[in-house]
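Quick notes on the structure that follows.
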Amino acid sequence: MSRISELRQEAEWRKCVRDEKYFLENYWHIAHPAYGRILFALRQAQAEALKHWANNRYSLTLKARQIGWTTLVAAHQFWSAFFHADQNIIDLSRTERESVLLLKKSKYGFSHLPKWMMERGPKSIVEHQQKMGFDNGSQITSMPSASDPARGESATLIVV
């Protein structure tokens, strides 16, 4: 690879670190029920949510069904873990099936990143149905919300 290509990729990497919306709209793929694999085109409310989350550490969001919110959350938690070290992200869902499906959305987008980004980013060191971990110290753990599911954990993000 030429030095210019390396520099362009590094510039892209840094832009993705700084701008979550840019990363999601240019590199993050989702599974659309009618069109298959597509880039994630954020709706205005989703872009506003990203801004809100960036500016407000503590947020509660009441959402409707079927508006792409789970897809946005799966993408956001991946971006946080992949581009920022030492993130402990915990997903709590009603059932084990739901917890597995949420993490599956993050894994889907990860599996479709460009090769150069996978090589430049942290390496995946843990991957099974309910956990995804990187060598930058970040991890996403998805579990059912039974009694005391994350007791003793210090989390940077909790998704319920």
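The values are calculated or read from the model by the stated rules, or taken from the named source; none is laboratory data. Everything numeric here is computed off the predicted structure, so don't read it as measured data. Every residue, glycine among them, receives a Cβ derived from its backbone with ideal geometry; neighbour counts consider all protein chains shown. With ligands, DNA and RNA removed, areas are computed over all heavy atoms of the protein, side chains included. Shrake-Rupley method; radii C 1.70, N 1.55, O 1.52, S 1.80 Å.
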If every Lys and Arg gets +1 and every Asp and Glu gets -1 at its Cβ, then about the Cα centre the chain yields a dipole, in debye to the nearest 20, of 380
Toy charge model, Lys and Arg Cβ at +1, Asp and Glu Cβ at -1: region 77-160 dipole around Cα centroid in debye, rounded to 20, equals 280
Using the Kirkwood formula on alpha carbons, the hydrodynamic radius of region 1-74 in angstrom works out to 14.2
Nearest-0.05 FRET efficiency for Ala41 and Val17 at R0 = 22 Å, using Cβ-Cβ distance, is 0.55
Projected onto the charge dipole of region 15-160 (unit charges on the beta-carbon of Lys, Arg, Asp and Glu, signs +1, +1, -1, -1), the Cα from Gln66, Val160, Ser145 with the largest positive-side position is that of Gln66
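Compute the Rg to Rh ratio over region 49-115 from the alpha carbon atoms, using the Kirkwood formula for Rh, and round to two decimal places. List each step's numbers first, then the result.
Numbers: Rg = 12.6 Å, Rh = 13.2 Å.
Rg divided by Rh gives 0.95.
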Expressed as a percent, the accessible surface of the chain that is carbon or sulfur, using a 1.4 Å probe and the full set of protein chains, is 51
Square roots of five times the C-alpha gyration tensor eigenvalues of region 35-86, ordered largest first and given in whole Å, equal 19, 16, 10
In nanometres, the difference between 0.36 nm per residue of separation and the alpha-carbon distance of Arg120 and Gln9 is 39.1 nm
Phi-derived 3J(HN,Hα) across region 53-62 with the Karplus relation (6.51, -1.76, 1.60, θ = phi - 60°), rounded Hz, x for Gly and Pro, is 5, 5, 9, 9, 4, 10, 9, 10, 10, 9
Averaged per residue, the 1.4 Å probe accessible area of region 17-158, protein heavy atoms only, in Å², is roughly 59
So the FRET efficiency between Lys51 and Glu96, C-beta based with R0 = 30 Å and rounded to 0.05, is 0.35
Under the Karplus relation with 6.51, -1.76 and 1.60 and θ = phi - 60°, whole-Hz ³J(HN,Hα) for region 71-84, x at Gly and Pro, equal 4, 5, 4, 4, 5, 4, 5, 5, 4, 4, 6, 6, 9, 9
Taking the chain, the lysine pairs whose C-alpha atoms sit under 14 Å apart (8 or more places apart or on different chains) add up to 6
For region 1-67, the dipole about the Cα centre with charges only on Cβ (Lys and Arg +1, Asp and Glu -1), to the nearest 20 debye, works out at 180
Percent of all alpha-carbon pairs of the chain at distances over 27 Å, whole number, is 22
